[in-house]
Structure formats: C-alpha cells, structure tokens
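J.: Questions regarding the structure given below will be posed in turn.
What follows is calculated from the coordinates using simple rules that are stated; it is not laboratory data. Since the structure is predicted, the reported quantities are computational estimates derived from the model, not experimental observations. Ideal geometry is used to build each Cβ from the backbone, glycine not excepted, and the neighbour counts take in all protein chains shown.
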Amino acid sequence: MKNKWGMMKKRLLLVLGSLLLAGLGVVLYLKLEGTGPAVSMEGLDAAVRAAHDLRLNVSDPESGIRSVNISLVQGEKTAVLFEESYPAINFIVGGEVFDKSLAVTIEPKKQGLSDGDALLRLIANDYSWRNWWQGNRTVIERPVRIDFRPPRVEVLSRQHNINQGGAGLVVYKLSEACPEHGVQVGDNFFQGYALAGDPEGRLACLFALDYRQGKGTEVFLSAKDSAGNQSKAGFYHHIRAKKFKKDLIRLSDGFLARKMPEFEYSLSGTPPATPVDKFLSVNQDLRRANAEAFQKMTRDSEGTLYWTGPFLRLPNAARKANFADHREYQYQGKTIDRQVHVGIDLASLAHAPVPAGNSGKVIFTGPVGIYGETVAIDHGLGLFSTYSHLSSIQVEAGQMVSRGDIIGNTGATGLAGGDHLHYGMLVGGVFVNPVEWWDPAWIQNNITLKLNAAE
Ligand SMILES: [Zn+2]
C-alpha cells in the first residue's frame, strides 16, 4: 500500500513537473518571440522643402510596442521629430499597445536643417524578452533631400514676337530636373518638354496667345522642382494685337431643313421646337461640347518633335473663312447668334484628297459634332492639327503619318454648308491661327531659329 502511494506520488510529481516545464517552455517561446514591430510609412517624398506630413503605422501584435523614435539626421545633427514610450500591463504579460497610427510633420527649416542630404530614421522597440528584456528593435532609414533652393531658369531664345491668336516657342535650361515647367500665358499654362537627345539638355515650350488675349497678357516661364520650390522668369516678348474679321452668315430655311436632322441624335434633353431653336442649340451647346472634346484629346502630347518645315495646306484651295472670324448669324434679317470661327476653311474640288499638314501621330478619327468627320494629328511638344467636315477618312488612331500623306477627303459632314476642309491647329489645347504654320518665314524665325538657340 505504502509503496503504491509512493509510486503514485512520484508519478504525479513527474507529470506536474513536466507540465510546468512544458508551460514554462511555451511561455518562454512566446515571450522570446523574435519579430520586431512592423512599420508602414506613407507620404515621404525624395525631396522636402516646407512642412511635410508623414503618416506611419507601427504594429507589434505579439509583445506590444515599447517605444517609437523618429528623427531626421543630417551630418552631426539629429532632430527628433517624434518620441513616445508605451506602458506595459506587467512584466509577464507585456505591452498593451499593439497598433499605433502616427502623423509626423517634417519642417526642415524649423528643425534647423540645411540644404542637402538627410536621413529619416525610425526606431521601434517591442516588449519581447529577447536581447535580455530589451526587446526586438526595428530600424528604418530613408534618404531625404532637404531642398530650399528654387530652380534657376536660363532663357536661351530671344525676341519672342507673339500674335494675338498665335504661337511662340521659348528654349531654356533649368539648373535641376523639374517635374513641372513651362510657360504661363494669362490663365493658360503650357507644358515644356525636354528636347529629346539634346546634348545640352535644353528644354522647349510651345505656347499660345488665345485670340481673346491681347496686349498686357502676363507671359512668363515657370519651373517647380520636386521639393516644390518654384521659380518664375520673364523673357523678352512682344505681343502684337490683331483685329479679327467680321463675317455675316444668313441662315436659309433650306440649310436648316437639310442640316438639322443630322444633329437630332447629339441634342440632349427636350428636343427644340423649331429648326431655328435646334440650330441655336447645335451652334452654342454642341459647339461648346466640341471645343471641350478637342481640348481633352489634345491634353497629352508626345515629347518628340515629329515635324520640320512649314505645314502643308490643302492644295489648290481657296480660303473661305479665316481664323477667329467673328461670325454673326442672321435668320430672316434678325441676328440670332454670334460665334468665333477657330480654324480656316479651305475649299477645293468636292471630295479633294487631304494631305497631313506635317509628320506626326494620328490621335483621333471620327465625328466631332459640328466639325463632322475629323482627323487629329499630334506633332509633338503640344502641337496638333485637325481636319474636319471630311467625307472619308483613310487613317487610324495610333498611326504615324508623314507630311503630305493623304489622310482623307474633303466633304460637308457636320455643320458645313458645302464641301470644304476646316483646318484647325492647337497648341496646348488652345486654337491658334494655322496661317503661321503654313508660312516658311514664320517657321524659320519663330521655331527653327529658336530651336537653334544656344548659350
Ligand atoms: Zn470652318
């Protein structure tokens, strides 16, 4: 009996002992986990100028977060941006903060840092028993460039004479690579481009003066570096004011009866009651929507100068309407509308073949409301030509064309009274006078010579 009890006691102790050891093992295994706090960071840019917000998340689901320290290090200088310690429930259980979202502001000037390279350093510890109860440590370092200096703009081309409703080209250099640079003309900004393959690293910007922008319009170069430092630089320019022609268009019942059914599908809302109301809706609302469509399709351009020399116009054609003609529309002797014609109308034989004005990439083919069947070509650097009222189209979007390639035939699609070509040109989404681009002397003085400008 006594022996039996002794045996049982021994066994019990053995079992209890093993359980205790196993338990201790599990506790040690858990308490000695070797994963440091996980860190995610958002909003850190490569270059920083002014106050800059950083969003961080630190998490340690196993042992809890012990402390977080974030600093900016530049040479000997360490600016502490954030420092916090978190409590533990007790020594055995560990931390009570497992997930922490932080917002930290970098203010280089306030924090006494200067222009140049710096390092953002984050150190986070947890409540693991590892490293003799010091915990696991996560260290994250990210390079940051402190940049207070605005880019330097050097204008290389001179004497920019710009016609109201016309274009100009400025060639310049920047002291550092800038994600944003170009010419501001009143409310319009024209993006500049790096001249591809240029050994001097020059940049060029085609810009335009809208036909509504006259003398006194503000024109300057602007550049913003990746830290957000901005420079503005004026350059010599002379604005030539232009007087545009007036044109009277008498609307006949025959024209309205012939043309209006074509636009039935493109009018939204309640259909206008009379042919004249229908015409007004087409000439105003649809025209505005079409202008927006042209702006949208010409927003992005290739950074390659695809073309050289003057643009081709429609051969053997008579000019029927000028750029920025101020049109007055009359019906039964009464003025019912006024619009501005933002292209040139050229008439040749019916269904005359239409050559591409210059080399480039076809970016659009199809109907554009009052403009009818249209082809748009991107010539690079923000310059586009458009061909409207076509009866047929022989190219496709994405196709490269050379100067003189036949892209379609003239017609009277859209709001055209008779067979003609509406030739449009845009610079950075602004309609400009095509006449400049057809003129060899203008191209020579305003494009070629400017592109040759060097230091
Ligand atoms: Zn036209």
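J.: Taking 0.36 nm per intervening residue step and subtracting the Cα-Cα distance, what contour gain separates Q184 from A453 on full extension? If you can, show how the numbers build up before the last one.
T.: Numbers: separation 269, 0.36 × 269 = 96.84 nm, distance 2.08 nm.
Length difference between fully extended and current span is 94.8 nm.
J.: If you don't mind, another one. What is the extension gain from T35 to E141, computed as 0.36 nm multiplied by their sequence separation minus the C-alpha to C-alpha distance, in nm to one decimal?
T.: Numbers: separation 106, 0.36 × 106 = 38.16 nm, distance 1.81 nm.
Value of the extension gain: 36.4 nm.
J.: If a paramagnetic tag sat 7 Å from the Cα of T105 along the Cα-Cβ line, which residues of the stretch 48-64 would have the backbone N under 14 Å from that point?
T.: Flagged as within label range: 50-55.
J.: A follow-up question, please. For the chain, state the semi-axes of the equivalent ellipsoid (square roots of 5 times the eigenvalues of the alpha-carbon gyration tensor), sorted largest first and rounded to whole angstrom.
T.: Numbers: eigenvalues 985, 188, 78 Å².
They are 70, 31, 20 Å, listed from largest to smallest.
J.: Obtain the nm distance between the two label points defined at T274 and K334 by a simple spin-label model: each point lies 7 Å from its Cα along the Cα-to-C-beta direction.
T.: Going by the 7 Å Cα→Cβ label model, 0.6 nm.
J.: How much net charge surrounds Q191 when only the other residues with a Cβ under 11 Å from the Cβ of Q191 are counted, with Lys and Arg +1 and Asp and Glu -1?
T.: On the way: positive: R299; negative: E180, D300.
Once positives and negatives cancel, what remains is -1.
J.: Could you give the nm distance between label points at A47 and W133, where each point is 7 Å from its Cα heading toward the beta carbon?
T.: Here the answer is 5.0 nm between the modelled labels.
J.: For the stretch 49-93, list residues with backbone N below 14 Å from a point placed 7 Å from the Cα of D117 toward its Cβ?
T.: Hits in the stretch 49-93 for D117 at 14 Å: 73-76.
J.: Continuing with the same structure: So how do 17-24, 235-242, 123-130 stack up, highest first, on mean other-Cβ count within 10 Å?
T.: Details: 17-24: 10.0, 235-242: 14.9, 123-130: 23.1.
Packing proxy ranking, top to bottom: 123-130, 235-242, 17-24.
J.: Suppose the chain between K215 and Q394 were pulled fully straight at 0.36 nm per residue; how much longer would it get relative to their current alpha carbon spacing?
T.: Details: separation 179, 0.36 × 179 = 64.44 nm, distance 4.17 nm.
Gain on extension, K215 to Q394, equals 60.3 nm.
J.: Oh, and also: Pull up all non-local amide H partners of R66: gap of 5 or more, or a different chain, and H-to-H distance under 5 Å with H placed in the peptide plane.
T.: Those qualifying (amide H under 5 Å, at least 5 residues apart or on another chain) are N125, D126, Y127.
J.: So what is the 222 nm mean residue ellipticity for the chain from helices alone, if each DSSP H run of at least 4 adds -39500 (n - 2.57) and you divide by all residues, rounding to the nearest 500 deg cm²/dmol?
T.: Details: 7 runs with 68 residues, N = 455.
Dividing the helical sum by the residues of the chain leaves -4500 deg cm²/dmol.
J.: Still on this structure, I have one more. Provide the per-residue ³J(HN,Hα) series for the stretch 334-346, in order, calculated from phi with Karplus coefficients 6.51, -1.76, 1.60 and θ = phi - 60°, each as a whole number of Hz, with x at glycine and proline positions.
T.: 3J(HN,Hα) across the stretch 334-346, in whole Hz: 10, 6, 10, 6, 9, 9, 10, 8, 9, x, 10, 9, 10.
J.: What are the ³J(HN,Hα) values, in whole Hz, obtained from phi via the Karplus relation 6.51 cos²θ - 1.76 cosθ + 1.60 with θ = phi - 60°, for each residue of the stretch 43-52 in sequence order, with x given for Gly and Pro?
T.: x, 8, 8, 5, 10, 10, 10, 9, 3, 9
J.: If you don't mind, there's one more thing I want to ask. Does anyone have the angle between helix 2-31 and the longest principal axis of the chain? Alpha-carbon axes, 0 to 90°, nearest 10?
T.: It is inclined by approximately 30 degrees.
J.: Residues with amide H under 5 Å of D210's amide H, sequence separation 5 or more or different chain, H placed in the peptide plane at 1.01 Å from N; which?
T.: G165
J.: Residue-wise, which Karplus ³J(HN,Hα) couplings in Hz belong to the stretch 435-447, taking 6.51 cos²θ - 1.76 cosθ + 1.60, θ = phi - 60°, and x for glycine or proline?
T.: 3, 4, 6, 8, 9, x, 5, 5, 4, 4, 6, 9, 10
J.: Can you give the net charge of the other residues whose Cβ lies under 14 Å from the Cβ of R288, counting K and R as +1 and D and E as -1?
T.: Taking every Cβ under 14 Å from that of R288, the sum is 0.
J.: Next question. If you take every DSSP beta bridge fully contained in the chain, what fraction is antiparallel? Give it as a percent rounded to 5. Don't skip to the answer; put the middle values down first.
T.: On the way: 108 of 120 bridges.
Antiparallel: roughly 90 percent of the beta bridges in the chain.
J.: Sticking with this one: Angle, helix 287-297 long axis vs. longest principal axis of the chain, Cα atoms, 0 to 90°, nearest 10?
T.: Compared with the principal axis, the helix lies near 50 degrees.
J.: Can you list the residues, at least 5 places off or on another chain, whose amide H is less than 5 Å from the amide H of I336, using H built in the peptide plane?
T.: Counting only residues 5 or more places away or on other chains, the set is Y329, Q330, Y331.
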